[in-house]
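Structure record follows, encoded as structure tokens.
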Amino acid sequence: MNTQDISLGEFVKQLTLRFTQQQMTMPLRDERPWHLLFYKLKVAADYSRPKPGFLNDLLFDWDGPYPRSSELADYLDALHWTGCLSASNPQYEKVTVNPKVSQLWSALSVDPELSSFIDYAVEMAKGHFNGTDDIDAARLSNAG
């Protein structure tokens with residue numbers, strides 16, 4: 001897979017694998033961190049190399065307190081309902097990648113440029129997903 005041709009779904013798969021490798025918590029019920037991460041990836045001006053092409057087409061609604069992509073929400077729900085992401089906690093607070101699915105997704109090759117962008121996304125996600133980065137939605141709306 002390369003940076004320009006990767007789809008939203010394939011990117012989410014590779015990103016969740018990296019989150020798993022880094023032992024990061026992946027929220028499920030509270031989708032805000034996911035949406036904020038992808039919005040910031042879309043508008044990020046500090047990344048000088050090519051970004052995945054799907055980001056240009058990813059739409060966000062501002063009807064609520066943060067930008068929300070229905071396409072991203074639908075994909076995350078689909079991963080959970082098909083068993084690719086599992087929530088072993090009763091409140092569905094966080095998810096993990098099913099180990100067998102992780103093996104399948106890990107077998108896909110990722111080119112170095114895409115791998116670099118995924119690393120960038122993981123670093124950006126650390127604050128959002130661990131609750132240490134409080135994002136100002138007004139500031140984001142001015143950035144995009």
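The values are calculated or read from the model by the stated rules, or taken from the named source; none is laboratory data. This structure is a prediction, so every number in the text was calculated from the model and none was measured. Reconstructed Cβ throughout: ideal geometry from the backbone, glycine too, with neighbour counts over all protein chains shown.
Summed over segment 1-22, residues that are over 15 Å from the mean Cα position of the chain (by Cα) and either among the hydrophobic types (A, V, I, L, M, F, W, C) or over 12 Å from GLY53 (Cβ atoms) (or both) total 1. Flag: VAL12 matches the condition of being under 28 Å from GLN103 (Cα atoms) and either among the aliphatic types (A, V, I, L, M) or crowded, with 20+ Cβ neighbours inside 10 Å (or both). Of all the residues in segment 44-76, those that are part of a helix (DSSP H, G or I) and loosely packed, with under 13 Cβ neighbours inside 10 Å number 4.
Listed conditions (1) at pLDDT below 90; (2) closer than 18 Å to PHE129 by Cα are all met by LEU15, apart from (1).
Of all residues in segment 20-30, one or more are hydroxyl-bearing (Ser, Thr, Tyr), touching a residue at least 24 places away in the same chain (Cβ under 8 Å) and part of a helix (DSSP H, G or I). Yes or no: LYS40 over 21 Å from ASN98 (Cβ atoms) and in a helix (DSSP H, G or I)? The answer is yes for LYS40.
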